Amino acid sequence: MLRAAVQSQTSIGKQAKVLMEKGELVPDELVVAAVVERISQPDAKRGFVLDGFPRTIAQASAFDEVLHKKHLDLDCVIELKVDHDRLLERIVTRAREAAERGETVRADDNPEALGVRIDAYNRQTAPLAAYYRSKDLLRDVDGLQPMDAVTADLFQTMSL
């Protein structure tokens with residue numbers, strides 16, 4: 001959403017662009033503002049699905065405040081449950097198969113990069129489960145099922 005805001009040259013996008021060009025992290029309040037700007041668009045009037053947001057308790061809390069002011073509530077928050085060892089197997093397999101096909105292997109498809117991502121997830125994002133569970137919003141979906149089964153579970157969970 002930040003990239004889209006930058007490309008569209010919205011007010012938020014212009015602010016984010018300056019920070020991103022310097023290699024700085026975009027502060028939570030600007031990230032939340034970008035999400036709110038996006039979900040305020042006409043195509044989101046009947047609802048929206050956010051992927052990868054919020055990533056921290058601070059973002060979740062700020063987002064809750066904005067939603068409250070707009071008289072909106074979240075229907076649910078879905079956590080895709082995965083086993084880290086199986087996730088590592090998938091990444092290693094994906095990288096090996098891409099290399100065998102002569103395709104470019106993603107730079108982050110390796111055990112070290114996954115370790116960094118899992119560490120960041122455990123420190124910053126995992127606490128959101130308890131945050132949303134306490135609000136009775138958290139639903140779990142097994143993210144290691146075949147893609148069609150995950151998709152079906154996601155749609156079923158959203159319709160509850």
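Couple of notes before you dig in:
- Residue count for the range 107-123 under the criterion of being surrounded by fewer than 13 Cβ atoms within 10 Å (Cβ to Cβ) and touching a residue at least 12 places away in the same chain (Cβ under 8 Å): the result is 1.
- First in the range 124-148 and under 16 Å from THR56 (Cβ atoms), second anywhere and at pLDDT 95 or above and loosely packed, with under 14 Cβ neighbours inside 10 Å, Cβ under 7 Å, 6 or more apart: none
- GLU79, sole failed condition from (1) within 15 Å of the chain's Cα centre (by Cα); (2) outside any helix (DSSP H, G or I); (3) not assigned by TED's automatic domain parsing to the domain that holds THR125: (3)
- Given (1) modelled with pLDDT under 95; (2) exposed (fewer than 12 other Cβ atoms within 10 Å of the Cβ); (3) closer than 30 Å to ALA98 by Cβ; (4) more than 18 Å from the chain's Cα centre (by Cα), number of the condition MET147 does not satisfy: (4)
- Boolean, THR93 is surrounded by 13 or more Cβ atoms within 10 Å (Cβ to Cβ) and among the β-branched types (Val, Ile, Thr): no
- THR104 vs. criteria free of Cβ contacts under 8 Å to residues at least 40 places away in the same chain, of a type in the set (S, T, N, Q) and not in a loop (DSSP other than H, G, I, E, B): no
- Residue in the range 129-151 that is assigned to a helix (DSSP H, G or I) and of a type in the set (Lys, Arg) present: yes
- Subset tally (residues that are within 30 Å of MET158 (Cα to Cα), small (Gly, Ala, Ser) and part of a helix (DSSP H, G or I)) for the range 14-56: 3
- Reported count of residues in the range 71-83, each being within 22 Å of PHE53 (Cβ to Cβ), of a type outside the set (A, V, I, L, M) and surrounded by 11 or more Cβ atoms within 10 Å (Cβ to Cβ), is 4.
- Pairs with Cβ under 8 Å, 6+ apart, first in the range 15-28 and in the same structural domain as PHE53 (by TED's automatic domain parsing) and surrounded by fewer than 17 Cβ atoms within 10 Å (Cβ to Cβ), second of a type in the set (Val, Ile, Thr) and in a loop (DSSP other than H, G, I, E, B): LEU19/VAL26; MET20/VAL26
Rundown of residues vs (1) of a type in the set (A, V, I, L, M); (2) within 18 Å of the chain's Cα centre (by Cα); (3) modelled with pLDDT of 95 or more, yes/no style:
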{"residue": "ASP51", "(1), (2), (3)": "no, yes, no"}
{"residue": "LEU87", "(1), (2), (3)": "yes, yes, no"}
{"residue": "THR93", "(1), (2), (3)": "no, no, no"}
{"residue": "ASP109", "(1), (2), (3)": "no, no, no"}
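The values are calculated or read from the model by the stated rules, or taken from the named source; none is laboratory data. Worth saying up front: this structure is predicted, and the values here are computed from it rather than measured. FYI the Cβ positions are ideal-geometry reconstructions off the backbone, even for glycines, and counts take in every protein chain you see.
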